[in-house]
Amino acid sequence: MNIYNKTKLIFILFLNIMSFCAYSQSNVFKVTLDAGHGDHDFGAVYSGRIEKNIALAIVLKVGKILELNPNVDVIYTRKTDVFIDLAERANIANRANSNIFVSIHCNANKNTAADGTETYVMGLSKTSSNLEAAKKENSVITLEKDYKRKYEGYDPNSPESMVGLTLMQEEYLDNSISLADKIEANFDKLGKKLRHGGVKQAPFMVLHKAYMPRVLVETGFVSNPTEGDLLNSEAGQNDIAEAIAQAILSYKREYFGNGNSDADDVKPVKDTSTPVKPKTTVPVTVVKTAPKGTFFKVQLIASIKKTPLEPKNFKGLKNVTMIYENNIYKYFYQETTDYESAKKYLQEAKSKGYGASFLVATKDGEKISIQDAVK
């Protein structure tokens, strides 16, 4: 074989290898796991129960389960007891082009009877408890050098000051809610071991900086003696890690799978994930013919579960509508052309317990930003 043919053969083999690598990478589901706090940042500490250690232990267990599954690539913000800036945690996920970002923490409260899990998505909820949770986690930035310059003057004691920095929050909100819903549903399956507190919305800086579907999981209260001991135990951490990992795998199958429920996933332990509906048919969007004009409505929740549109299922709220979009059921309250009325409907929804609800706007049936709608 002459030198030309050898060179040509090598070039063809190189192209085939590159094509194979590109194909393989495109089918890899990337998960960035973030263990909250670290090193001199202990997080919440109660009776020897230390948040930074518990969060790291759970993250490593979640990662171990995920790494047993083909086509899942796990990225860690930390695997040891080190301190990582909040912005850098998100940037690790951004640089890896991760499909999802999951930050794991423990909760705490002066009221030691407080208990239960909470899974947060990025948002500007004004619910006091949600803001307190964000304030506690965001205060970590004061341990960083030159944080005022780095975070554009953001005040961790006033999470509301993030309002001007969150224009991108809705881009991944629906998928974030779906992931959070799966995690909380699996926590619910743990029964008496751990009370699930539901999906909530709050302005966490670490979520704000990650440009992908992202959630922050408060796995329980270290301040609660019973729940704290569970979080600090090997068995409790295994249960929590299993719940989170199976929720992530369920999310992967729903949004990145080939339609087969479990064929691509290895399950070393029992499967507690939400069953995936076959995708052999295209679901019909449940929505009326869109009227002309600009309208505002309140999105109450986005869920993988279909719920009958009855007031009793929505805490007494009437005029609830639904659409099925991107494998998620979205539930809306009211519809009006008046922005001030829409804001009142939003406050009403929040007062009923829908703390993560938010306004959406449409023009001639197409979704637009609230800013454009107001204009």
**Check on Lys52, touching a Phe, Trp or Tyr at 6+ places or on another chain (Cβ under 9 Å), under 30 Å from Ala113 (Cα atoms) and modelled with pLDDT of 90 or more** = yes
**Request:** Go through region 96-117 and count every residue that is within 18 Å of Leu231 (Cα to Cα) and part of a loop (DSSP other than H, G, I, E, B).
**Result:** 9
**Asked** What are the residues in region 294-312 that are open to solvent by less than 60 Å² (accessible area, probe 1.4 Å) and modelled with pLDDT of 90 or more, if any?
**Response** Thr294, Phe295, Phe296, Lys297, Val298, Pro311
**Request:** Look at region 313-343 and say how many of its residues are of a type outside the set (Gly, Ala, Ser), surrounded by 13 or more Cβ atoms within 10 Å (Cβ to Cβ) and not in a loop (DSSP other than H, G, I, E, B).
**Result:** 18
**Message:** Report every pair of residues separated by at least 6 positions or lying on different chains whose Cβ atoms are under 6 Å apart, first residue within region 352-375 and open to solvent by less than 50 Å² (accessible area, probe 1.4 Å), second in a loop (DSSP other than H, G, I, E, B) and of a type in the set (Lys, Arg).
**Reply:** Gly353/Lys315
**Complete:** Those residues of region 201-254 which are without any contact (Cβ under 8 Å) to a residue 40 or more places away in the chain and assigned to a loop (DSSP other than H, G, I, E, B) amount to Ser233
**Request:** Please find, within region 210-225, the residue that is farthest from Lys182 (Cα to Cα) out of those that are polar (S, T, N, Q) and in contact with a strand residue (DSSP E or B) (Cβ under 8 Å, 6 or more places away or on another chain).
**Result:** Ser223
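The values are calculated or read from the model by the stated rules, or taken from the named source; none is laboratory data. Predicted model only: the values in this text are computed from it and were never measured. Note that we place each Cβ from the backbone using ideal geometry, even for glycine, and neighbour counts take in every protein chain shown. These accessible areas exclude ligands, DNA and RNA; they are computed on the full protein's heavy atoms, side chains included. Shrake-Rupley method; radii C 1.70, N 1.55, O 1.52, S 1.80 Å.
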